[in-house]
Structures are given as C-alpha cells and as structure tokens.
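Below: the structure, in structure tokens.
Every number here is computed from the coordinates shown, using simple stated rules; none is lab data. All figures in this text were calculated on a predicted structure; none of them were measured in a lab. Positions of Cβ are backbone-derived with ideal geometry, glycine not excepted, and every protein chain shown enters the neighbour counts.
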Amino acid sequence: MTKDEKKELFLLILESWFDDDSEQIKSDNCIGFYHYLLDCLEFELEFSHPHEDSGYHSFLSIIIDLLSKFPFYVDYGIAQKQGLKKLILDADSTIDAKKLDVLLARFQDLYIMFREEYFI
C-alpha cells in the first residue's frame, strides 16, 4: 500500500468511525494527526484500569493495535464502523457486545477532544 493509499484509507476511517466530515484532517496533515491520535490513545490507556467492568482498557488496547496496523486490516472492513465492531469483538471476547456502542461513543468523545487539541 502506497503512502497516498494509506492516507486515503486513514481519512476514510476517520469519516466512517467518527462521522467526521469536518475536513479539518486532510491529506496534508493526516500523518501528523495520526501520530498525535495514537500518542493520545496510548496516554489514555496508561490511566485506564485493566479490570474495569466496561472493558474500556481492553477496548483501548484493541483500538491502538488496529490503528497501529490499519493497512493490514483493510480486507477485514476496518474502514467501516460495522467492520470495526466485528474486529473489536473478534479480538477480545470479554468485551460485551451490548456495551460496545457505549465504548464507541466514549471513543468518539476522545477523538473530538484530541482533534480540537491538535488544532490549538
């Protein structure tokens, strides 16, 4: 996968996962934002508790792994929200499918906060 194809896929992921049509993240700044997003998620993971009932810690670990290797998951539907949900549930059976939408909503809130911080 070329650098431009990776950029295009990452932008598609942002649009699909977060319904982000703001066009703040573009081809020219998506690499920087990608690294910033991963750094922020890893920082968030450090302060989450592994034994939390909601599965938040496991969820964050999976998200970080998926984003770190997102080109490898293109054939598994990572660019679509339904594909993301399936990948998460397949990665960790302890994550309750009924709570997944809550975790994804929390992730979306984090994304919005990180995006706003990135442009400060």
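Assign unit charges at the C-beta atoms only (+1 for Lys and Arg, -1 for Asp and Glu), then state the dipole size of the chain relative to its Cα centre in Debye, rounded to the nearest 20. Please list the in-between numbers first.
Numbers: 12 positive and 24 negative charges, 60 e Å.
It comes to approximately 280 debye.
Rounded to a whole number of µm²/s, how large is the Stokes-Einstein D of the chain at 37 °C and 0.692 mPa s, given Rh as the Kirkwood radius over C-alpha pairs? Could you put the intermediate results ahead of the total?
Details: Rh = 14.7 Å.
For these conditions, the coefficient is 224 µm²/s.
From the square roots a ≥ b ≥ c of the eigenvalues of the alpha-carbon gyration tensor of segment 20-84, which class results: rounded (a/c under 1.5), prolate (a/b over b/c), or oblate? Before the final figure, lay out the partial values.
On the way: a/c = 2.11, a/b = 1.41, b/c = 1.50.
The shape class here is oblate.
Taking amide H atoms as placed 1.01 Å from N in the peptide plane, list the residues 5 or more away in sequence, or in a different chain, whose amide H sits under 5 Å from that of residue 20.
15
Where does each of 101-108, 68-75 land if you order them by average Cβ count within 10 Å, highest first? Walk me through the intermediate numbers first.
Numbers: 101-108: 15.0, 68-75: 13.0.
Top to bottom by mean Cβ count within 10 Å: 101-108, 68-75.
Using a basic spin-label model with each label point 7 Å from the Cα along Cα→Cβ, how many nm lie between residue 7 and residue 112?
Those two pseudo-labels are separated by 2.8 nm.
So between residue 29 and residue 76, what do we pick up on full extension, going 0.36 nm a residue minus the alpha carbon distance?
Between residue 29 and residue 76, full extension yields 14.3 nm more.
Counting GluC sites (Glu not before Pro) as exposed when in a DSSP loop with at most 13 other beta carbons within 10 Å, what is the longest stretch of the chain free of them? Don't skip to the answer; put the middle values down first.
Values: sites that count: 23, 52.
Longest run free of exposed loop sites: 53-120.
Would you work out which of 41, 88, 17 lies farthest towards the positive end of the dipole of segment 3-118? Charges go on Cβ: Lys and Arg +1, Asp and Glu -1.
After comparing all options, I get 88.
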